[in-house]
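The values are calculated or read from the model by the stated rules, or taken from the named source; none is laboratory data. Remember, predicted model here, so these are calculated numbers, not experimental data. Backbone-built Cβ (ideal geometry, glycine too); neighbour counts: all protein chains shown. Surface accessibility is based on the protein's heavy atoms, side chains included, excluding ligands, DNA and RNA. Shrake-Rupley method; radii C 1.70, N 1.55, O 1.52, S 1.80 Å.
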Amino acid sequence: MQTEIFTHITEETIARCAAIIRNGGLLGIPTETVYGLGADALNEDAVRRIFEAKGRPQDNPLIIHVAEASWIARYCENVPESAYRLAEAFWPGPLTMILPRKKIVPLRTTGGLETVGVRCPNHPATLAVIRAADVPIAAPSGNLSGRPSPTTAEHMREDMDGRIDAILDGGACSVGVESTIIDLTVSPPCLLRPGGLPLESLRQVLGEVQVDKAVLQKMADGERPRAPGMKYRHYAPKAPVTVVTGDPHASAAYIRARAGAHTGVICFSEFAEMFTDCTVKTLGSALDKSEHARRVFDDLRFFDGTDVTEIFAQCPDATGLGLAVRNRLQKAAGFCVVEAKA
Ligand code: AMP
Ligand code: MG
């Protein structure tokens, strides 16, 4: 199949994208988090093709993307009042809520679960497509399974050219990491994935929030994760990654002592000059976590086009957006993490 790229967002391209969704096709959609691989969430055949195009395991559920909070009641039941408070505070935005599904949402979409993840994305073009199609769009991240998530239409083309009907180019993603996932079917609510909305912001609205242990550490063999996606290898470039935590001066010194000509280094821009003999990509200033989030997947992807045999990465502390950036780097590293001591 020929994958069409829509570079201009017009009434006509929105209508054509909505028609692709209504006809059971596959569409690359821009969102503020990462690009998604979208299809009609209520059409089992279309959803099956998402899994095939990505090479995604069938038990890894999809998030459904809705146009506004009032759509929650179309697809979910026993909705707690907290869901509407969160939607009021953070939608459209990088927050996915896990709620009990209505039967209209196929088990194919939910990976066999009786719950469904729902989000309202903050991108005008994608919101227009959802409204025009008048169905929720199921969309995982638009990468091949296991690869870093796409944050530009070009990344998505690299992975999906020839596999999907079209990609709607809505520019580079403004957040750059996937949505925060909160499970509202348990009490207290549980953070299943850190993402573009900080945990601190959720706590301001919800009070107590638990953090699933898979957010911070590797799952033991045979352990059953609460977010099925957490058990799969993720975001990984071809060369092995080691994450170095700790004070940035200490982590830079740690990497410097081990890096050579075939080392890839992901570092804060303040330290880039220490690694001129290596292949370097920066996360932006050590002080700017929003920039780390925007750059982390592009940095990981970059090294696949180089001859590096190992990658060391500096890493922000775990507050604010740092929790999500750290989680993505740790997963890319298969939880190979060392702490540099000052
Ligand atoms: P991605 O589409 O790549 O952002 O991955 C979606 C993530 O949402 C995966 O980690 C899924 O396991 C998680 N997810 C989606 N629906 C549910 C659900 N009903 N319960 C728990 N986790 C979910
Ligand atoms: Mg993904």
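Inside the range 112-125, can you point out the residues that are in a loop (DSSP other than H, G, I, E, B) and either farther than 20 Å from ILE181 by Cα or within 12 Å of ligand 1 (Cβ to nearest atom) (or both)? Let's see the steps before the verdict.
Of all residues in the range 112-125, those in a loop (DSSP other than H, G, I, E, B) come to 112-114, 120-123.
Hits for the range 112-125 are GLY112, LEU113, GLU114, PRO121.
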Task: Residues that are surrounded by 20 or more Cβ atoms within 10 Å (Cβ to Cβ) and either away from ligand 1 (no atom under 15 Å from the Cβ) or farther than 14 Å from LEU144 by Cα (or both), drawn from the range 28-46 - done: ILE29, PRO30, THR31, THR33, ALA39, ASP40, ALA41, ASN43, ALA46
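Residues in the range 48-68 that are part of a loop (DSSP other than H, G, I, E, B) and either surrounded by fewer than 23 Cβ atoms within 10 Å (Cβ to Cβ) or away from ligand 2 (no atom under 11 Å from the Cβ) (or both): how many?
10
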Task: Output for the range 69-111, where each listed residue is in a loop (DSSP other than H, G, I, E, B) and open to solvent by less than 50 Å² (accessible area, probe 1.4 Å) - done: VAL79, PRO80, TRP91, GLY93, PRO94, VAL105, PRO106, GLY111
- [ ] Might you check whether a residue that is at pLDDT 95 or above, part of a helix (DSSP H, G or I), among the charged types (D, E, K, R) and more than 16 Å from ligand 1 (Cβ to nearest atom) occurs anywhere in the range 205-222?
- [x] no
Task: Residue within the range 239-259 that is under 20 Å from THR279 (Cα atoms) and either charged (D, E, K, R) or in contact with a Pro (Cβ under 7 Å, 6 or more places away or on another chain) (or both) present - done: yes
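Output the residue which, of all residues in the range 182-217 that are of a type in the set (D, E, K, R) and out of contact with any Cys (no Cβ under 6 Å at 6 or more places or on another chain), is most open to solvent (accessible area, probe 1.4 Å).
Just the residues of the range 182-217 that are of a type in the set (D, E, K, R), to begin with: 183, 193, 200, 203, 208, 212-213.
Right, trim to out of contact with any Cys (no Cβ under 6 Å at 6 or more places or on another chain) and you get 193, 200, 203, 208, 213.
Details: ARG193: 54, GLU200: 85, ARG203: 102, GLU208: 132, LYS213: 111 Å².
In this case the residue turns out to be GLU208.
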Task: Residue, nearest to ligand 2 (Cβ to nearest atom), within the range 112-125, restricted to residues that are open to solvent by less than 10 Å² (accessible area, probe 1.4 Å) and more than 13 Å from the chain's Cα centre (by Cα) - done: GLY117
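Within the range 11-18, identify whether any single residue is assigned to a loop (DSSP other than H, G, I, E, B), open to solvent by 10 Å² or more (accessible area, probe 1.4 Å) and modelled with pLDDT of 95 or more, and answer yes or no. Working first, answer last.
From the range 11-18, those assigned to a loop (DSSP other than H, G, I, E, B) are none; that's our starting set.
No, the range 11-18 contains no residue that is assigned to a loop (DSSP other than H, G, I, E, B), open to solvent by 10 Å² or more (accessible area, probe 1.4 Å) and modelled with pLDDT of 95 or more.
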TODO: Could you tell me whether the range 126-141 includes any residue that is part of a loop (DSSP other than H, G, I, E, B), at pLDDT 95 or above and open to solvent by 40 Å² or more (accessible area, probe 1.4 Å)?
DONE: yes
Task: Within the range 41-56, tally of residues that are farther than 20 Å from SER179 by Cα and at pLDDT below 95 - done: 1
